[in-house]
Amino acid sequence: MTEKGFAGLTVAAFESRMAAEITRLIERYGGRPLVAPALRELPLQDNPAALQFGERFVDRQIDVLVLMTGVGTSALFEILQSRHPLPSIMAGATHTTLVARGPKPAAALKALGIRPTLTVPEPNTWGDVLSTLDQHRPVKGLRVAVQEYGASNPDLLEALRQRGAEVVPVPVYKWGLPEDLGPLREALDRIIGGTVSVVLMTNAAQADHVMRVLEQDGRIAPFRTALNRVVVASIGPTASERLRHYAWPVDLEPSHGKMGVLVKETSEQVQALLAQKASRTVW
């Protein structure tokens, strides 16, 4: 049975890799999708930081490796395999405490025949990463590599340094703006113009890019004003933290950080949330 929770409302999203999937989900729950990718994934073809990490990893000079994303985990080990024989990589993995930030990095390791030493529980924030490490063993004096995803997490890196670790950032891929900013600008115009009722945020880096484009166009103030009448739904604490950094409201987080749950639960609560926001808005 098809759900009609959005009841014809326009629902904006900035998803790139899974744009088709989120479009179908919005339609399934009765919404009119406005999907404008804010990110373009840029593999680092010439990645000296990752290659240097690889040398240290196979030489057993890394004590802890924190794997932040599934895609990044797979990409990192592809880089390693381009330079090192598999037995050397497996020996490095056996020597190193492997910390998977949730099920996706854990699944990526499993596909390689490697089991994580630690799996960070939900909601998989950088604070949960620290708590998991703290419970396992002190990191003082340890060499801790962090596989970065999209953008660096300076708070996590600094917290590790404050605990006395030697921190080794390992950027594997990064996000760029889409080559064609037309669809993104059109979506932002429609949000500012008041024809969008819901904004779904599925990645913290999306907020970085939305704000960059708004800043370039001198439109941050009207966008923030528009958010007073729009339901902003965030996929989880990591994205919510970034949104609040930019003074966005976060009206809803789903019970689980999955895109399908985000869309479903937003559709179920959107009418009540819009009514609440309308009652607080001063015109």
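The values are calculated or read from the model by the stated rules, or taken from the named source; none is laboratory data. Being a predicted model, the structure only gives us computed values, none of them experimental. Every residue, glycine as well, gets a Cβ built from its backbone with ideal geometry; the counts of neighbours run over all protein chains shown. We work out accessible area using only protein heavy atoms, side chains counted, and drop any ligands, DNA or RNA first. Shrake-Rupley method; radii C 1.70, N 1.55, O 1.52, S 1.80 Å.
For segment 158-228, which fully contained helices (runs of 4 or more DSSP H) count at least 1 residues that are of a type outside the set (Lys, Arg) and either in contact with a strand residue (DSSP E or B) (Cβ under 9 Å, 6 or more places away or on another chain) or surrounded by 22 or more Cβ atoms within 10 Å (Cβ to Cβ) (or both)? Lay out the reasoning, then the answer.
Numbers: elements: 182-193, 204-217, 220-226.
Of the helices (runs of 4 or more DSSP H) lying wholly inside segment 158-228, those with at least 1 residues that are of a type outside the set (Lys, Arg) and either in contact with a strand residue (DSSP E or B) (Cβ under 9 Å, 6 or more places away or on another chain) or surrounded by 22 or more Cβ atoms within 10 Å (Cβ to Cβ) (or both) span 182-193, 204-217.
Here is a yes/no grid of residues against (1) at pLDDT below 90; (2) among the aromatic types (Phe, Trp, Tyr); (3) within 19 Å of Val196 (Cβ to Cβ):
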residue: Ala19; (1), (2), (3): no, no, yes
residue: Pro33; (1), (2), (3): no, no, yes
residue: Val58; (1), (2), (3): no, no, no
residue: Leu65; (1), (2), (3): no, no, no
residue: Thr69; (1), (2), (3): yes, no, no
**Prompt:** Any chance segment 103-112 includes a residue that's in contact with a Phe, Trp or Tyr (Cβ under 8 Å, 6 or more places away or on another chain) and either assigned to a loop (DSSP other than H, G, I, E, B) or exposed (fewer than 13 other Cβ atoms within 10 Å of the Cβ) (or both)?
**Reply:** yes
**Asked** Given the structure, is Ala233 in a helix (DSSP H, G or I) and either open to solvent by 30 Å² or more (accessible area, probe 1.4 Å) or modelled with pLDDT of 95 or more (or both)?
**Response** no
**Asked** Among all residue pairs at least 6 apart or on different chains, which show Cβ distances below 9 Å where the first residue, located in segment 124-139, is without any contact (Cβ under 8 Å) to a residue 40 or more places away in the chain and under 17 Å from Val167 (Cα atoms) and the second is acidic (Asp, Glu) and surrounded by fewer than 18 Cβ atoms within 10 Å (Cβ to Cβ)?
**Response** Gly127/Asp155
**Request:** Within segment 117-135, work out how many residues are open to solvent by 40 Å² or more (accessible area, probe 1.4 Å) and either part of a loop (DSSP other than H, G, I, E, B) or among the polar types (S, T, N, Q) (or both).
**Result:** 7
**Residue list for segment 60-81, filter: hydrophobic (A, V, I, L, M, F, W, C), closer than 20 Å to Thr202 by Cα, open to solvent by less than 10 Å² (accessible area, probe 1.4 Å) and outside any strand (DSSP E or B)** = Met68
**Residue in segment 143-152 that is modelled with the lowest pLDDT, counting only those that are within 15 Å of Thr238 (Cα to Cα) and surrounded by 20 or more Cβ atoms within 10 Å (Cβ to Cβ)** = Gly150
**Message:** Any residue at all in segment 257-278 that's on the phi > 0 side of the Ramachandran plot and either surrounded by 19 or more Cβ atoms within 10 Å (Cβ to Cβ) or in a loop (DSSP other than H, G, I, E, B) (or both)?
**Reply:** no
**Fill in**
Log entry, pairs with first residue in segment 215-231 being farther than 11 Å from Gly194 by Cα, second being open to solvent by 60 Å² or more (accessible area, probe 1.4 Å) and in a helix (DSSP H, G or I), beta carbons closer than 8 Å, six or more apart or on different chains, reads Asp217/Arg185
**Prompt:** Is segment 237-252 home to any residue that is within 20 Å of Arg32 (Cα to Cα), at pLDDT 95 or above and over 15 Å from the mean Cα position of the chain (by Cα)?
**Reply:** yes
**Prompt:** Is it fair to say Thr238 is part of a loop (DSSP other than H, G, I, E, B) and open to solvent by 10 Å² or more (accessible area, probe 1.4 Å)?
**Reply:** no
**Message:** What pairs come out if I take residues in segment 97-115 that are on the phi > 0 side of the Ramachandran plot and pair them with residues that are in a strand (DSSP E or B) and open to solvent by 60 Å² or more (accessible area, probe 1.4 Å) whose C-beta lies under 8 Å away, six or more apart or interchain?
**Reply:** Gly102/Thr119
**Message:** With the requirement that a residue be open to solvent by 10 Å² or more (accessible area, probe 1.4 Å) and either among the basic types (Lys, Arg) or more than 18 Å from Tyr173 (Cβ to Cβ) (or both), what does segment 82-92 give you?
**Reply:** Arg83, His84, Pro85, Leu86, Pro87, Ser88, Met90, Ala91
